[in-house]
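Just below is one structure, and these are the notes that go with it.
Just so it is clear, none of the values below were taken in a lab; they were calculated from the coordinates. Nothing here was measured: the structure is a model prediction, and the numbers come from that model. In this analysis, Cβ positions are derived from the backbone assuming ideal geometry, glycine residues included, and neighbour counts consider all displayed protein chains.
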Amino acid sequence: MVNSFTMSLDTLANRVPHGAMVAVPADYSFVSMAATRALIRRGIKDLHLLAVPQSGIQADLLIGAGCVALVECAAITLGELGPAPRFTDAVKSGRVRIKDSTCPAIHAALQASEKGLPFLPSRGIIGSDLLRVRPDWTLIDNPFPPHDPLVALPALRPDIALFHAPFADRRGNVWIGRRRELMTMAHAAKTSLVTVEAIRDIDLMADEPLAAGALPALYIGAIAEAKNGAWPLGLPGFYEADEAALRTYAEAASSDTGFARYLAALMAEPHAAE
Amino acid sequence: MSPAAPTELLIATIARLLQGVGHVAVGASSPIPGAAAFLAQVLAPEAMRVTVLGSQRNNDFTDGGRELFDCAAQGRIDAFFLGGGQIDGEANVNLVGLGAYPNLDLRLPGSFGSAYLYFLVPRVILFREEHSPRVLVPKVDFISAPGVSAPEIYRPGGPQALVTGRALFNFDKAKRRFTLISVHPGETVERIKAATGFAFDLADDIGETLAPDDATLALIRGPVRDAIAEVYPRFAANLIPN
């Protein structure tokens, strides 16, 4: 079969237009840090970054590098390493706009897109100030029993779902295992750009156990090989996070000059991490 | 056995609040609640399920990030933990920031799943180690999730207790107020009053928070420490080893 999916990392990064709405997974899932660095090097601008449902170093790095106009998230944090300094600074100063959300609202709004629906209703949220700062969310009444208010969440339809995966086959099927938020993201997005540890000479759809964890090629726009592509984050089940490198980032990002040095090093050594 | 460290007292206190729970879930940035959940699990007479966000070993979900929330909405999660940059006397929690939204004086990570799970999980334990008027305020600057809801709102869940580094409170939904149950070793009711920015009721028999015995400490310093190290290695490294 003609292999039209695979390309270089930089070519894949060039598929992301300025201003695109890009959905990315949480640190506990499969994050493409390789593509993140490639996007920064190519000088991507004005992204609408959708964290599904939260993000860490990926969002902080993109925000610090000036790639993001709007961040939509349930949280941005470096976890045990503390607050995400570039995110915090950019939101406080107003350089980046924020759409504060809550985890299940992001999942549900993506599920609405999966189903081609304009919205999904959600439990909870009523009485939260989130409802006040999210004028796009609205109260509706359950049409069945009376007096049962629900929050209607408009569908989220990202231009691109961007993530990393352990492997893909040459037909463009991507193995994501149990990380099924990636499935939801890919179903909801117009297309998915995926970096993988390796492209294997197998057919994922011909193997029942593997097929159960496979995202079909019909949702995939491009695949690029990027060994250790989640670094310095881990690829759960495959390799651990590089704690020392994450700490180096957290320390650097805590000041403007430290971050500038970190970014300059990233720009100067284009493929050091890949 | 060296005496209980403050962190160990908190782990044991939260674990007691989990008695009788069938399934406890632990969210992001929650090492002490996570350790408490593992302690409750080893002490439980019946099988108890502990789900830890970010874990490989203690997270059997296979349907992605949404599964925790879907489970909660179905009543499959009995207990959960919430913290907050601010918590007020009506148990409202603020995980968004201090000051006027959106250009806050202090920006916090965000609301996570609080605006949902607080409504749906029957036993939500509020936990914040810092106990000061800065954290325990009369009114939060931003309500990530409200402590109580109007009767027409579907809400099987809500706050059960508040554990801080200095005291333990219960929450009375009908009165919309906390009740001081016990103070941690070295604290007094007067000092707790001075450190709390909201008014609260006093239990009839306020005592000292029960310190873990040697057998419990051995569990915290052994299997609990090992279990929590997977997701919170730095936290586990700072616990006293067995």
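Determine how many Å³ per residue the convex hull of the Cα atoms of segment B:71-205 encloses.
Details: hull volume 14.9 nm³, N = 135.
In segment B:71-205, the Cα hull volume divided by residue count equals 110 Å³.
Over the Cα atoms of segment B:59-106, what radius of gyration and what Dmax do you get, in Å?
That works out to 15.2, 40 Å for Rg and Dmax.
Cα to Cα, under 27 Å, and not fewer than 8 places away if on the same chain: which lysines meet these conditions relative to B:Lys175?
B:Lys139, B:Lys193
Quote the Stokes-Einstein diffusion coefficient, in whole µm² s⁻¹, for the protein assembly as shown, based on the Kirkwood radius over alpha carbon pairs, a temperature of 20 °C and a viscosity of 1.002 mPa s.
Working: Rh = 23.7 Å.
Translational D for this selection: 90 µm²/s.
Bin by bin, in steps of 10 Å, what percent of the Cα pairs in chain B do you find, going until the bin that has the longest distance?
Taking every Cα pair in chain B, the percentages come to 8, 32, 37, 21, 3, 0.
Expressed in nm to one decimal, what extension gain is obtained for the pair A:Phe238 and A:Met205 from 0.36 nm per residue of sequence separation less their Cα-Cα distance? Working shown, then result.
Details: separation 33, 0.36 × 33 = 11.88 nm, distance 2.15 nm.
In short, 9.7 nm is gained.
Residue-wise, which Karplus ³J(HN,Hα) couplings in Hz belong to segment B:131-143, taking 6.51 cos²θ - 1.76 cosθ + 1.60, θ = phi - 60°, and x for glycine or proline?
So the Karplus estimates, Gly and Pro as x, are 10, 8, x, 5, 9, 9, 10, x, 8, 5, 6, 9, 8 Hz.
Have a look at A:His18, A:His107, A:Phe5 and report the one farthest towards the positive end of the charge dipole of segment A:1-114, computed about the Cα centre with Cβ charges (Lys/Arg +1, Asp/Glu -1).
Of A:His18, A:His107, A:Phe5, it is A:His18.
Picking from B:Arg225, B:Arg134, B:Arg177, which is most flexible by a Gaussian network model of chain B using Cα springs under 10 Å?
With Cα springs under 10 Å in chain B, the top fluctuation among B:Arg225, B:Arg134, B:Arg177 is at B:Arg134.
Per DSSP H run of n ≥ 4, the term is -39500 (n - 2.57); total these for chain A, divide by its residue number, and report the mean residue ellipticity at 222 nm rounded to 500 deg cm²/dmol.
Helix contribution divided over all residues of chain A: -8500 deg cm²/dmol.
Given +1 on the Cβ of Lys and Arg, -1 on the Cβ of Asp and Glu, and no further charges, what dipole in debye does segment A:1-160 carry about its Cα centre, rounded to the nearest 20?
Value, rounded to 20: 440 debye.
Which of B:Leu120, B:Leu43, B:Leu104 moves the most in a Gaussian network model of chain B with Cα springs under 10 Å?
Top of the fluctuation ranking is B:Leu104.
To the nearest 20 debye, what charge dipole does the protein assembly as shown have about its Cα centre, counting +1 at the Cβ of each Lys and Arg and -1 at the Cβ of each Asp and Glu? The partial results should precede the final answer.
Working: 46 positive and 54 negative charges, 203 e Å.
It comes to approximately 980 debye.
Charges only on Cβ, +1 for Lys and Arg, -1 for Asp and Glu: so what's the dipole of chain A about the Cα centre, in debye to the nearest 20?
Values: 25 positive and 29 negative charges, 131 e Å.
In debye, rounded to 20, chain A gives about 620.
What is the Cα convex hull volume of chain A when expressed per residue in Å³?
Values: hull volume 36.5 nm³, N = 274.
It is 133 Å³ per residue.
Would you mind checking the radius of gyration and Dmax of segment A:150-274 based on alpha-carbon positions, in Å?
Taking only Cα atoms of segment A:150-274, I get Rg and Dmax of 17.2, 52 Å.
Binning at 10 Å from 0, report for segment A:84-195 what percent of all alpha-carbon pair distances ends up in each bin.
Answer for segment A:84-195: a P(r) of 13, 32, 33, 17, 5, 0 percent.
When we measure straight from the Cα of A:Lys190, which aspartates and glutamates land under 16 angstrom away, once same-chain ones fewer than 8 places off are left out?
Correct list for A:Lys190: A:Glu114, A:Asp159, A:Glu181.
How fast does segment A:15-157 diffuse by Stokes-Einstein, in µm²/s, taking the Kirkwood radius from C-alpha pairs at 25 °C and 0.890 mPa s?
Details: Rh = 16.0 Å.
So the translational diffusion coefficient is about 154 µm²/s.
What aspartates and glutamates could a cross-link reach from A:Lys92, if we take a straight Cα to Cα line under 12 Å and drop same-chain neighbours fewer than 8 places away?
Qualifying aspartates and glutamates at Cα under 12 Å: B:Asp105.
Tell me the mean residue ellipticity at 222 nm calculated for chain B from its helices only (DSSP H runs of n ≥ 4, each -39500 (n - 2.57), averaged over every residue, nearest 500).
-7000 deg cm²/dmol
Mind listing the phi-derived Karplus ³J(HN,Hα) values for segment A:239-255, rounded to whole Hz, using 6.51, -1.76 and 1.60 with θ = phi - 60°, and x for any glycine or proline?
Each residue's phi maps through the Karplus curve to give 8, 7, 5, 8, 4, 5, 5, 5, 5, 4, 5, 4, 5, 4, 6, 6, 9 Hz.
Provide the per-residue ³J(HN,Hα) series for segment A:217-234, in order, calculated from phi with Karplus coefficients 6.51, -1.76, 1.60 and θ = phi - 60°, each as a whole number of Hz, with x at glycine and proline positions.
So the Karplus estimates, Gly and Pro as x, are 4, 5, 9, 9, x, 7, 10, 10, 6, 8, 4, 6, x, 8, 4, x, 6, x Hz.
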